[in-house]
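Here the structure comes first, spelled out in C-alpha cells, and everything after it is commentary.
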Amino acid sequence: MAPRLPSDAVKAVIFSEDALAPVDRLWTDAVDHLARRLGRVKPLDLATIPADRSEALAALEAWADGDVNTWRAELARYYEEHIPVYVRPNPDLNAVLRHLQADGTLLASWSPGPPEVGVVVTHFLGLTRRLDRQRVDPAPNAAVSLIEELELQPEDALVVAATPASLVEAKHAGATTAGALWTGGDRDQLLTAHPAYLVEQPAELVQLALA
C-alpha cells in the first residue's frame, strides 16, 4: 500500500455500516424473524425479498402496504435482543476513530436503514459519540450526500465501505475510496469498484487519512 502524500490528507472519513461491523447475517436473520412473526398476519414470501438491502427495504415497505412502523419496530426489537450474538465492538476500530477524532478529522457513517436499526448498531458498537454525523439512506450515493452535509468537497473525504456500489458512487464523485476487508468484505467484489485502497485492518486508515 502506497502512503498518502501530505497534500492528499483528508478532512473526513465516511464509513458504511458494513465497514463498522459484519451485519449481513444479522440483517438476513432479522428478516427471517419478521416473516415468522408478522407473516402470520400477512404472509411474507422470503423468496420475494432481494439480497440487496436497499431493494429489500423497498420490498418490505411494499409488503407492509403502509403499515411501516410495525415491521420496523419488530426489526429493531430483533436487533436489540440479538446483536450481541452477531457483532462484537472492535477495539482496533474504536482506537482508530479516537485517533482520527483527536487529530480533528470529521467522522461520519451511514446505514441503509431503516433508522430504527441503524441506531442500534452504532450504539452497541459504542461509536455514537465518535461520529459527527450519522445518516440513514439506502441510496448508493449516501456517502456523497454525507460529504455535502459536512460542507466538504468529495476530494476532502475518504469513503470506507465493504460493498462495491457505494465505493463506485464515491469514486465517481471524486472521493478517495477504501474497501474494508476486516468485516468480511469480498476482495474480488470490492476490486470491481476499483477502490484506491483495500484495507485489511482498521489501523491502516490512520496512515491513509493523516499522512
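Taking the criterion of being among the charged types (D, E, K, R) and within 16 Å of residue 140 (Cα to Cα), the residues of region 155-211 that qualify are 169, 171.
So that you can scan it fast, the table gives a plain yes or no per residue for (1) modelled with pLDDT under 95; (2) charged (D, E, K, R); (3) in contact with a helix residue (DSSP H, G or I) (Cβ under 7 Å, 6 or more places away or on another chain); (4) surrounded by 19 or more Cβ atoms within 10 Å (Cβ to Cβ):
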{"site": "126", "(1), (2), (3), (4)": "yes, no, yes, no"}
{"site": "130", "(1), (2), (3), (4)": "yes, yes, yes, no"}
{"site": "141", "(1), (2), (3), (4)": "yes, no, yes, no"}
{"site": "165", "(1), (2), (3), (4)": "yes, no, no, no"}
{"site": "168", "(1), (2), (3), (4)": "no, no, no, no"}
{"site": "172", "(1), (2), (3), (4)": "no, no, no, no"}
{"site": "179", "(1), (2), (3), (4)": "no, no, yes, yes"}
{"site": "186", "(1), (2), (3), (4)": "yes, yes, no, no"}
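Cβ-Cβ distances below 6 Å connect the following pairs, each with a first residue in region 138-158 that is within 16 Å of residue 15 (Cβ to Cβ) and assigned by TED's automatic domain parsing to the domain that holds residue 178, a second residue that is β-branched (Val, Ile, Thr) and part of a strand (DSSP E or B), and a separation of six or more residues or different chains: 143/14; 143/159; 146/14; 157/14; 158/13; 158/176. Within this structure, residue 32 fails the test of being in the same structural domain as residue 202 (by TED's automatic domain parsing), modelled with pLDDT of 90 or more and either over 24 Å from the mean Cα position of the chain (by Cα) or assigned to a helix (DSSP H, G or I) (or both). Just to check your reading of the model, which residue among 75, 93, 100, 57 is surrounded by 15 or more Cβ atoms within 10 Å (Cβ to Cβ), under 21 Å from the mean Cα position of the chain (by Cα), in the same structural domain as residue 116 (by TED's automatic domain parsing) and over 15 Å from residue 126 (Cα atoms)? Just a single option satisfies the conditions, and that option is 100.
Within region 40-66, take every residue that is touching a Leu at 6+ places or on another chain (Cβ under 9 Å) and in a loop (DSSP other than H, G, I, E, B) and give me the one that is farthest from residue 180 (Cα to Cα). For region 40-66, the residue satisfying everything is 44. The C-beta contact set for region 188-203 (first residue within 20 Å of residue 20 (Cβ to Cβ), second residue surrounded by 16 or more Cβ atoms within 10 Å (Cβ to Cβ) and among the aromatic types (Phe, Trp, Tyr), distance under 7 angstrom, 6+ apart or interchain) comprises 200/182; 201/182; 202/182.
The values are calculated or read from the model by the stated rules, or taken from the named source; none is laboratory data. All of these numbers come straight from a predicted model, not from anything done at the bench. Counting neighbours? That spans all protein chains shown, and the Cβs are built from the backbone with ideal geometry, glycine included.
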